[in-house]
Amino acid sequence: MTKLLEMKNLNVRFKGKRTVHAINDVSLSMDQGETLALLGESGSGKSVTLKTLLGLLPPKRSQIDGSIHVNGVDIMSLRGRALQRYRGGEVSMVFQEPALALDPVYTIGHQIAESVMRHKGVDKANAMSTALDMLDRVRIPSANRRLHNYPHELSGGMRQRVMIALALACRPRLLLADEPTTALDATVQIQILLLLRELQKEFGMGVIFVTHDIGVAVEISERVAVMYAGQIIEEGTTHEIIRDARHPYTQGLLAANLHDVARGERLSAIPGAPPALEARPDSCPFAPRCPVAMPECRADLPPMLAPGDRRRVACLRAAQPIAAE
Amino acid sequence: MSVTDTYQPTPDTGGPAQPLIRVTGLQKYFPVRGGILGRTQAKVQAVDGVSFEVKKGETLGIVGESGCGKSTTAKLLIGLVEKDKGEIVFDGHALGERLSLKELRRGVQMVFQDSYATLNPRLTILDSVAFGAKVQGLDNPEELARKMMDRVGLDPDRFAHRYPHELSGGQRQRVNIARALAMSPRLVVLDEAVSALDKSVEAQVLNLLNDLRAEFGLTYVFISHDLNVVRYISDRILVMYLGEVVEVAPVDSIWQEQAHPYTRSLFSAMPSMDPDNRTKEPPLAGDPPNPINPPSGCRFHTRCRFASAVCKEAVPKLAGLARNGDHMVACHLHDAQSGHPKAGQGVPE
């Protein structure tokens, strides 16, 4: 079976007054129907990775190298109509801020139907009934009435449900979710996460879920890839990442979650801040903040080690037994 | 001279037994205007009858969903929003009687969530930090500002003449903390002060807040939606729902037993952090109701699994639990006389 996603040596630079090396040599592969969480802090390249996948980066200012295949199709070569068919048809996206992503002057039914008409070539009536069905599937109460509402008439949680309905209306093979629950309250966030989990099972699509919150990643995904300074520094199943994190940065992130820290106890915070990425990293980008850095870490990029099947970690220390600390 | 010596808060007046700040029956309704005449058409009941006190040296955590009145309460505490009703007493002096707004702000300072929006983009970091001390007429504000910057981990020689846009989010939030502390306040209100920061930076700022509290004998009101953070930093937790206090309790007590059904739902909504034991069912359906027309009686009854007829009619009173009087809850289930069919039995499993 073809891989759902095969990304090889992706590099993204933004040019302008200063160059930003946003993505540095990222490779990623996904099987059909897999749920992957991209975990990282702001500026780590999570969102840029998603935007590259949809071809949403401004072409004049960004320089993209590497190859991306979705279901065997080279998406870097897509132009014009083919690109339009791919966006929203094959791959679609749910954004963080549904209030900004939805068009305020059209009803939500109209917006979903428009996408269905474009991609499936059906008439308006059929498209509207698909829209109604989608609103039902994302558990919007009295969907029939809501179909004719404008985005401002809905609450934040409802708007995010509409975004999900819109993204899934054309049955994409891959759903990209860019922090879709960050702007929501905790009680609504968990509703949306469980809804996405159900829909993923029902439709069998693959999901890439971008988040900065490890707890959210655990709730939604089977696999986790941790990003830092535009690189994937560790990847594994959610189980492996939570129970057996090998990279010091991942370990630091887990500790910073405060899940079971005693009150008032000093936190083992990662010092400093992520690098600015004005130059392409030529040594381990985490070394300046790393509690267990060695001279070798500052000399060269760390090798990508593979301690298990589809498990990888970019750290010299991961090669040694953990007792060394 | 160290920074601790330059820290000169207003003197303590009532001794350790007197709460540092006590609010009673605090109320704030925001008018919603509309129509061509701009008449008030409705009122957002942002904060309705909120009472609590914060002891000296204590940290009170306030949690709740968006729109529950957390931030309005914070703004009322430092007089950024004028209260409709209620009383604010700072160390025995009631605001508006023996205490002016300016005096209150000498004793109470605030750190906001958005570190960028709350700094004047045209002022250097040093000017921003020294600004409040200048307004209050403290001695040598710039010297004070430099010392405070140094204390929060920003080298004054490197950062004093920079502008807010040249700093990272974590550094800007340190500036905001330095600015608040330059006034030598006794109470600092932290409104989602670490929420916008990345996790690794958040831990650094939390460590800093803990150190500063010990060093300057500070009292915090810490507002956040992140329960783990609130548990870590607070001594007591106050839970708000639609402008009202539904539960106040010491951290350990509330972590052990959430006495209000809303608090319980809020706690179960936290991601599990256990891949083998993920959340199976959302604890609450739907969004919080609109605070313009909050439900009658207990405001939570529309989303509560245990609601009965009495919950729609009568407003539950905040009262101590039988097993622990410090653990206060406003729920008919805990009041034996409320008339709820399961009254006095506590929240069922």
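Quick check on region A:190-207: of everything there that is of a type outside the set (A, V, I, L, M, F, W, C) and within 9 Å of chain B (Cβ to nearest Cβ), which residue is surrounded by the fewest Cβ atoms within 10 Å (Cβ to Cβ)?
Applying the first criterion (of a type outside the set (A, V, I, L, M, F, W, C)) to region A:190-207 yields A:191, A:197-198, A:200-202, A:204, A:206.
Then keep just the ones that are within 9 Å of chain B (Cβ to nearest Cβ); that gives A:191, A:197.
Values: A:Gln191: 25, A:Arg197: 18.
Among them, the one singled out is A:Arg197.
Of the residues in region B:100-123, how many are open to solvent by less than 20 Å² (accessible area, probe 1.4 Å) and among the polar types (S, T, N, Q)?
Residues of region B:100-123 open to solvent by less than 20 Å² (accessible area, probe 1.4 Å): B:104, B:107-108, B:110-111, B:115, B:119.
Still in the list and also among the polar types (S, T, N, Q): B:115.
Total meeting the criteria: 1.
Remark: pairs (first residue in region A:250-266, within 19 Å of A:Leu39 (Cβ to Cβ); second residue of a type in the set (Phe, Trp, Tyr); Cβ separation under 8 Å; 6+ apart in sequence or on different chains) = A:Leu258/B:Tyr232. Quick check on region A:7-23. Is at least one of its residues touching a Gly at 6+ places or on another chain (Cβ under 9 Å), of a type in the set (Gly, Ala, Ser) and either open to solvent by less than 10 Å² (accessible area, probe 1.4 Å) or modelled with pLDDT under 95 (or both)? Looking for residues that are touching a Gly at 6+ places or on another chain (Cβ under 9 Å), of a type in the set (Gly, Ala, Ser) and either open to solvent by less than 10 Å² (accessible area, probe 1.4 Å) or modelled with pLDDT under 95 (or both), one finds at least one in region A:7-23, hence yes.
Among the hydrophobic types (A, V, I, L, M, F, W, C) and over 26 Å from B:Val54 (Cβ atoms): is that true of B:Ala117 in this structure?
Numbers: among the hydrophobic types (A, V, I, L, M, F, W, C): yes; over 26 Å from B:Val54 (Cβ atoms): yes.
Criteria met by B:Ala117.
What is the one condition in (1) touching an Asp or Glu at 6+ places or on another chain (Cβ under 6 Å); (2) at pLDDT below 90; (3) more than 15 Å from A:Gly215 (Cβ to Cβ) that B:Thr263 does not satisfy? So the condition that B:Thr263 fails would be (2). Return only the number of the condition from (1) modelled with pLDDT under 85; (2) open to solvent by 70 Å² or more (accessible area, probe 1.4 Å); (3) outside any helix (DSSP H, G or I) that A:Gly264 does not satisfy. All conditions pass for A:Gly264, except number (2). For region B:175-203, residues that are within 14 Å of another protein chain (Cβ to nearest Cβ) and out of contact with any helix residue (DSSP H, G or I) (no Cβ under 7 Å at 6 or more places or on another chain) total 3. Within region A:223-251, being of a type outside the set (S, T, N, Q), facing chain B (nearest Cβ under 9 Å) and either in a loop (DSSP other than H, G, I, E, B) or open to solvent by less than 10 Å² (accessible area, probe 1.4 Å) (or both) holds for A:Ile241, A:Tyr249. Scanning region B:256-268 finds one or more residues that are part of a loop (DSSP other than H, G, I, E, B), away from chain A (no Cβ under 12 Å) and surrounded by fewer than 23 Cβ atoms within 10 Å (Cβ to Cβ).
Of all the criteria given as (1) more than 14 Å from every other protein chain (Cβ to nearest Cβ); (2) in contact with a His (Cβ under 7 Å, 6 or more places away or on another chain), the one not satisfied by A:Pro281 is (2). Counting only residues that are away from chain B (no Cβ under 14 Å) and either touching a Pro at 6+ places or on another chain (Cβ under 8 Å) or outside any strand (DSSP E or B) (or both), region A:149-179 holds 14 of them.
Looking only at region B:135-149, count how many residues are surrounded by fewer than 17 Cβ atoms within 10 Å (Cβ to Cβ) and at pLDDT 90 or above.
Pass one, region B:135-149, residues surrounded by fewer than 17 Cβ atoms within 10 Å (Cβ to Cβ): B:135-137, B:139-140, B:142-143.
If we keep only those that are at pLDDT 90 or above too, we end up with B:142-143.
Number satisfying all stated conditions: 2.
Whenever a residue of region A:117-146 is within 19 Å of A:Arg87 (Cα to Cα), its partners that are among the polar types (S, T, N, Q) and crowded, with 16+ Cβ neighbours inside 10 Å, lying with C-beta atoms within less than 8 angstrom and at least six residues away or across chains, give the pairs A:Lys120/A:Thr130; A:Val122/A:Thr130.
Considering each residue of region A:294-321, count those that are outside any strand (DSSP E or B) and either free of Cβ contacts under 8 Å to residues at least 24 places away in the same chain or in contact with a Ser or Thr (Cβ under 6 Å, 6 or more places away or on another chain) (or both), and give that number.
Of the residues in that region, 15 qualify.
Scanning region A:35-75 for residues that are open to solvent by 40 Å² or more (accessible area, probe 1.4 Å) and touching a His at 6+ places or on another chain (Cβ under 9 Å) gives a single hit, A:Ser42. Filtering B:Arg303, B:Arg278 for residues that are open to solvent by 40 Å² or more (accessible area, probe 1.4 Å), under 30 Å from A:Ser221 (Cα atoms) and of a type in the set (D, E, K, R) leaves a single hit, B:Arg278. Among the conditions (1) closer than 15 Å to A:Gly40 by Cβ; (2) open to solvent by less than 10 Å² (accessible area, probe 1.4 Å); (3) more than 20 Å from the chain's Cα centre (by Cα), A:Leu258 misses just one, which is (1).
For region A:25-74, a residue qualifies if it is in a strand (DSSP E or B) and under 13 Å from the mean Cα position of the chain (by Cα), and the qualifying residues are A:Leu28, A:Met30, A:Thr35, A:Leu36, A:Ala37, A:Leu38, A:Leu39. Restricting attention to region B:204-225, report how many residues are within 8 Å of chain A (Cβ to nearest Cβ) and part of a loop (DSSP other than H, G, I, E, B). Residues in region B:204-225 being within 8 Å of chain A (Cβ to nearest Cβ) and part of a loop (DSSP other than H, G, I, E, B): 1 in total.
Here B:Gly346, B:Gly286, B:Gly325 are screened, and the one residue that is modelled with pLDDT of 85 or more and part of a loop (DSSP other than H, G, I, E, B) is B:Gly325. Taking into account only those residues within region B:226-255 that are more than 12 Å from every other protein chain (Cβ to nearest Cβ) and part of a helix (DSSP H, G or I), which is farthest from A:Ile190 (Cα to Cα)? Here the answer is B:Ser253. Given the condition crowded, with 21+ Cβ neighbours inside 10 Å, in the same structural domain as A:Leu254 (by TED's automatic domain parsing), in contact (Cβ under 8 Å) with a residue 60 or more places away in the chain and closer than 17 Å to A:Leu175 by Cβ, answer yes or no: does some residue in region A:24-34 qualify? Checking region A:24-34: not a single residue is crowded, with 21+ Cβ neighbours inside 10 Å, in the same structural domain as A:Leu254 (by TED's automatic domain parsing), in contact (Cβ under 8 Å) with a residue 60 or more places away in the chain and closer than 17 Å to A:Leu175 by Cβ.
For region B:291-309, the count of residues that are more than 9 Å from every other protein chain (Cβ to nearest Cβ) and not in a loop (DSSP other than H, G, I, E, B) is nonzero. Counting the residues of region B:1-55 that are within 22 Å of the chain's Cα centre (by Cα), closer than 23 Å to B:Asp91 by Cβ and among the acidic types (Asp, Glu) gives 1. Restricted to region B:70-99, and to residues there that are open to solvent by 10 Å² or more (accessible area, probe 1.4 Å) and under 11 Å from the mean Cα position of the chain (by Cα), the residue that is farthest from B:Gln258 (Cα to Cα) is B:Lys75.
The values are calculated or read from the model by the stated rules, or taken from the named source; none is laboratory data. Small disclaimer: the values here were computed from a predicted structure and weren't measured. Heads up, the Cβs are rebuilt from the backbone with ideal geometry, glycines too, and the neighbour counts pull from every protein chain shown. Only protein heavy atoms, including side chains, enter the accessible area calculation; ligands, DNA and RNA are left aside. Shrake-Rupley method; radii C 1.70, N 1.55, O 1.52, S 1.80 Å.
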